[in-house]
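Student: One structure is given below, represented as structure tokens, and several questions about it will come after.
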Number of protein chains: 6
Amino acid sequence: MPTIFFYGPKLDKEKRKEMIKSFTETASRLTGIDKPAFVVYLRESTPENVGVGGELLEDRLKYR
Amino acid sequence: MPTIFFYGPKLDKEKRKEMIKSFTETASRLTGIDKPAFVVYLRESTPENVGVGGELLEDRLKYR
Amino acid sequence: MPTIFFYGPKLDKEKRKEMIKSFTETASRLTGIDKPAFVVYLRESTPENVGVGGELLEDRLKYR
Amino acid sequence: MPTIFFYGPKLDKEKRKEMIKSFTETASRLTGIDKPAFVVYLRESTPENVGVGGELLEDRLKYR
Amino acid sequence: MPTIFFYGPKLDKEKRKEMIKSFTETASRLTGIDKPAFVVYLRESTPENVGVGGELLEDRLKYR
Amino acid sequence: MPTIFFYGPKLDKEKRKEMIKSFTETASRLTGIDKPAFVVYLRESTPENVGVGGELLEDRLKYR
């Protein structure tokens, strides 16, 4: 029944699969709970909707 | 002021209404807090962005 | 794989059981997903750590 | 490392910038943690996916 | 109906009051939604349960 | 700026360190974002406050 939420950039399918597989295997091994009980939510966030250090990420990335 | 988040599939309007009504009535009755204080967020998640048992849900559903 | 979070007051065991049962049955019926796939998290929040309308709930309750 | 989530209506860019700036400055001042450690997520929610007082917000707004 | 979650260190009562007041006033002004509709959750997180840059915050703070 | 939340059982310090390290390394590699930008929150949940399949986890574990 453990649940993992990832808030970050959009990823392509291969990366989403690998993230879910790796998070689940690590968490299953460390908690001792079987893998079928784990749910992972990949919640996309875009630079238009994230702030870092008080600034919109969209603006931060622009000036780099 | 209690708040409920539902992470699950997209639902049509009648089902969204019924879910919100039922969650709120149940929670109001059990907490003793009046219904106007309750907020319910229905947060859609798609099979492309959920992992179950270490696999992408999108892939799981395909092979059933 | 749907997941429900409830942020609200501490409840005794009978009420926690009933909330979990009711939320799960309603959500299972409306989504068409079998009950074993549902996880409900009851996340306690105390009046010392919640604000409503810009005021600490702890203070609001005191002056009623 | 503190993190703030805002669930609310879509905002235009100037308002998103101001919200991020204000939340971060306030939280930095009150916690004593430097601003670069703060992340703010603006999570849009639409009236079709929010319930208030047991009713869909979409319907509530319609009858006002 | 907007909702704000703050994940960060434990704060004393005066700071909790000020954070709730400031977040709510800012968000009310920027969204145009009246203050009574806002709920703020202060969710405490301790250095034993947070990781930054791949390290436990508890360990990071120790070696500074 | 990506953020990971883990809702699950309490873990001892070595396991918390390993979970944070592994989640961060995997997510950094897959997103291409440097490790210092990642925050991981380990949010403990107890069997008294989780429901699985419509039942309180506390009760489920008892009858196994």
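Student: Can you tell me the FRET efficiency between C:ASP59 and B:LYS10 if r is taken as the Cβ-Cβ distance and R0 is 41 Å, rounded to the nearest 0.05?
Tutor: With R0 = 41 Å, the Cβ-Cβ based efficiency is 0.55.
Student: Between B:ASP12 and the same site in the other copies, what are the distances in nm, shortest first, taking label points 7 Å from Cα along the C-beta direction?
Tutor: When each copy's label point is compared with this one, the spacings are 3.7, 3.7, 4.2, 5.4, 5.8 nm.
Student: Another question about this same structure. Which values of log₁₀ I(q)/I(0), to two decimal places, follow from the Debye formula for the protein assembly as shown at q = 0.11, 0.13 Å⁻¹ with a uniform point scatterer at every Cα?
Tutor: The computed values of log10 I(q)/I(0) come out as -0.77, -1.13.
Student: Quick one: label points 7 angstrom along Cα→Cβ at A:LYS35, distances to the other copies in nm, smallest first?
Tutor: Sorted ascending, the copy-to-copy spacings read 2.5, 2.8, 4.5, 4.6, 5.3 nm.
Student: May I ask which residue of chain F has the beta-carbon nearest to the axis carrying chain F onto chain C, and at what distance in whole Å?
Tutor: F:ARG43, 5
Student: Taking only DSSP H segments of four or more residues, each worth -39500 (n - 2.57), what value at 222 nm results for chain C once the sum is divided by all its residues, to the nearest 500 deg cm²/dmol?
Tutor: Value at 222 nm, helices only, nearest 500: -12500 deg cm²/dmol.
Student: Which net charge results for the neighbourhood of A:THR31, defined as the other residues with beta-carbon distances under 12 angstrom from its beta-carbon, given Lys and Arg at +1 and Asp and Glu at -1? Provide the component values of the computation, followed by the final result.
Tutor: Details: positive: A:ARG29, A:LYS35, F:LYS10, F:LYS15, F:ARG16; negative: A:GLU25, A:ASP34, F:ASP12, F:GLU18, F:GLU44.
After counting each charged neighbour, the total is 0.
Student: Let me ask you something else. Counting just the Cα atoms, what span does the range A:3-62 cover along each of its three principal axes? Round to the nearest Å and put the largest first.
Tutor: Result for the range A:3-62: principal-axis Cα extents of 43, 24, 13 Å.
Student: What is the antiparallel percent of DSSP beta bridges lying wholly in chain C, to the nearest 5?
Tutor: 25 percent
Student: Something else about it: On a 0 to 90 degree scale, rounded to 10, what angle separates helix A:13-31 from the longest Cα axis of chain A?
Tutor: It works out to around 50 degrees.
Student: For the protein assembly as shown, what is the percent of antiparallel DSSP beta bridges, rounded to the nearest 5?
Tutor: 55 percent
Student: How far is C:ARG60 from the same spot in each other copy, in nm, shortest first, if each label point sits 7 Å from Cα toward Cβ?
Tutor: 1.3, 3.2, 3.3, 3.3, 3.8
Student: Tell me the chymotrypsin sites (Phe, Trp or Tyr not before Pro) within chain E that lie in a loop according to DSSP and have at most 11 other beta-carbon atoms within 10 Å.
Tutor: Within chain E, the qualifying chymotrypsin sites (Phe, Trp or Tyr not before Pro) (loop, at most 11 other Cβ atoms within 10 Å) are E:TYR63.
Student: Give the separation of the Cα centroids, the range A:1-28 to the range D:1-21, in Å.
Tutor: First find each Cα centre; the distance between them is then 26 Å.
Student: Between C:GLU48 and D:GLU18, take the C-beta separation as r, use R0 = 22 Å, and let me know the FRET efficiency to the nearest 0.05. Write out the running numbers ahead of the final one.
Tutor: Working: r = 29 Å, r/R0 = 1.32.
Between C:GLU48 and D:GLU18 the formula returns 0.15.
Student: Something else now. Of A:LEU61, A:ILE20, A:TYR7, which is farthest along the charge dipole of chain A in the positive direction, counting Lys and Arg as +1 and Asp and Glu as -1 at C-beta?
Tutor: Value: A:ILE20.
Taken together, the values in this text are just the output of simple stated rules run on the coordinates, not laboratory data. These numbers come from a predicted model, not from an experiment. Don't worry about glycine lacking a Cβ; one is built from the backbone with ideal geometry, like all the others, and counts go over all protein chains shown.
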